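Shown next, in structure tokens, is the structure this report addresses.
The values are calculated or read from the model by the stated rules, or taken from the named source; none is laboratory data. If you're wondering where the values come from, they're calculated on a predicted model, not measured in any experiment. Neighbour counts run over all protein chains shown; Cβ positions are idealised from the backbone, glycine included.
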Amino acid sequence: MFFYMAYCSVFYIISFTGFDAFFGITINHACMKMELVCKVMEDAMEERDRGNRKRRMLDVITEQNDVFKMVELIQETFNIWLGIIVIATMLQICNCMYQIIEALEVATRLYCCGWEKVNDRQARNMISFMIARAQVPMKITAFNMFDFDMELFVSILQTSYSMFTLLRS
């Protein structure tokens, strides 16, 4: 059973790694084809002969239609996969945030557990140590460098928007 699970895991990892890389390559290819269509149109506009210009413009229109068909195919191919990735990533980040927020409330919940009603010195000492430990913030990190907290979440959004703006300019 272990070997079967290991085999399935390796197959699963290789499949998704290939799918991720293929998506990146196809998106870059579509963007480059659009860039080339624009360059060819610029060259067509410099053509002096009216007949040649019209022929080159028709070639550009054909190529542009092919690029749009390619983008539609990419959309059809990766639509569900991208949706699953977006939802899974949002759920994972939200789950990390929820765990951190819950961890922040542990000290307060321990303090409010009714320890003052218990007349056991050892139990009170144990509660005080538990409260002291709970006051040290818990951290979930990525690559042992990035702490998952609200600052990281805001930073991810800002960086994503900055990269988007940079790519658009």
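Tabulated values for the structure
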quantity	calculated
Residue in region 18-35 that is of a type in the set (A, V, I, L, M), surrounded by 11 or more Cβ atoms within 10 Å (Cβ to Cβ) and modelled with pLDDT under 90 present	no
Residue count, region 49-61 (criterion: surrounded by fewer than 11 Cβ atoms within 10 Å (Cβ to Cβ) and part of a helix (DSSP H, G or I))	2
Any hit, region 160-169, residues being of a type in the set (Ser, Thr, Tyr), surrounded by fewer than 11 Cβ atoms within 10 Å (Cβ to Cβ) and modelled with pLDDT under 85	yes
Sole exception among (1) exposed (fewer than 11 other Cβ atoms within 10 Å of the Cβ); (2) more than 30 Å from Ile25 (Cα to Cα); (3) charged (D, E, K, R) for Asp147, by number	(1)
Every pair of residues 6+ apart whose Cβ atoms lie under 8 Å, when the first sits in region 48-62 and is closer than 19 Å to Met34 by Cα and of a type in the set (A, V, I, L, M, F, W, C) while the second is modelled with pLDDT of 90 or more and surrounded by 11 or more Cβ atoms within 10 Å (Cβ to Cβ)	Met57/Met41; Met57/Ala44; Val60/Val37; Val60/Val40; Val60/Met41; Val60/Ala44
Residues of region 72-85 that turn out to be of a type in the set (A, V, I, L, M) and under 20 Å from Cys31 (Cβ atoms), as a count	4
Test result for Thr108, over 29 Å from the mean Cα position of the chain (by Cα), within 26 Å of Met150 (Cα to Cα), assigned to a helix (DSSP H, G or I) and of a type in the set (S, T, N, Q)	yes
Residue check for Gln92: over 30 Å from Cys31 (Cβ atoms) and in a helix (DSSP H, G or I)	no
Boolean, Ala107 is touching a residue at least 12 places away in the same chain (Cβ under 8 Å), over 30 Å from Thr26 (Cβ atoms), small (Gly, Ala, Ser) and surrounded by 11 or more Cβ atoms within 10 Å (Cβ to Cβ)	yes
Count of residues meeting criterion [over 13 Å from Asp20 (Cα atoms) and touching a residue at least 12 places away in the same chain (Cβ under 8 Å)] in region 76-102	5
Those residues of region 22-48 which are acidic (Asp, Glu) and not in a helix (DSSP H, G or I), in sequence order	Glu46, Glu47
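This table checks each residue for (1) of a type outside the set (Val, Ile, Thr); (2) modelled with pLDDT of 85 or more.
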{"position": "Asn79", "(1), (2)": "yes, yes"}
{"position": "Ile101", "(1), (2)": "no, no"}
{"position": "Val106", "(1), (2)": "no, yes"}
{"position": "Cys113", "(1), (2)": "yes, yes"}
{"position": "Asn125", "(1), (2)": "yes, yes"}
{"position": "Asn144", "(1), (2)": "yes, no"}
{"position": "Asp149", "(1), (2)": "yes, no"}
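Condition check ((1) more than 29 Å from Asn95 (Cβ to Cβ); (2) not in a helix (DSSP H, G or I)) across all residues:
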position	(1), (2)
Ala123	yes, no
Met126	yes, no
Arg133	no, no
Pro137	no, yes
Ser160	no, no
